[in-house]
Amino acid sequence: MADRVMGAAANVADQVAQASRNVADMAVDQLDNGRRVAAGGLDTAASALRDTAGQAAASERLNAFAQAAADRLNTTADYVRKNDANQMLDDVTQLVKDNPKASLLIAVACGFIIGRAVTRD
């Protein structure tokens, strides 16, 4: 009797472990799809910024700024495309460790903006 109970418990544990692996695999697939979509959106934004800057009769300095911003968007898109979520998290962690004061100020600013957005009527 005890052997049957132990065998059933082991079987349930195996099923739970397999289900957990399946959920983890699905989550990784969703993250990869999200990274591709985000990278594509950044590329589209960079292209639109370049087009708008090229069509505008603005100053040369403003056009140079827009081109530089578009270049940064493309660089960010390449980074998102090439790095998985774990690598990006490691990079952010290292950036925060290297720049704790700036990171704290950015976190406070983001918190303030989110708080204002959430509490607006």
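The values are calculated or read from the model by the stated rules, or taken from the named source; none is laboratory data. Worth saying up front: this structure is predicted, and the values here are computed from it rather than measured. Cβ coordinates were reconstructed from backbone atoms using ideal geometry, including for glycine residues, and neighbour counts include every protein chain displayed.
What the table below lists for this structure:
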item: Per-region count, region 81-99, residues of a type in the set (A, V, I, L, M) and either farther than 22 Å from residue 37 by Cβ or modelled with pLDDT of 90 or more (or both); result: 2
item: Residue pairs meeting the criteria (Cβ under 7 Å; at least 6 apart or on separate chains; first in a helix (DSSP H, G or I), in region 59-71; second at pLDDT 80 or above); result: 66/49; 67/50; 69/49; 70/46; 70/49; 70/50
item: Qualifying residue in region 24-35 (condition: at pLDDT below 85 and not in a helix (DSSP H, G or I)); result: no
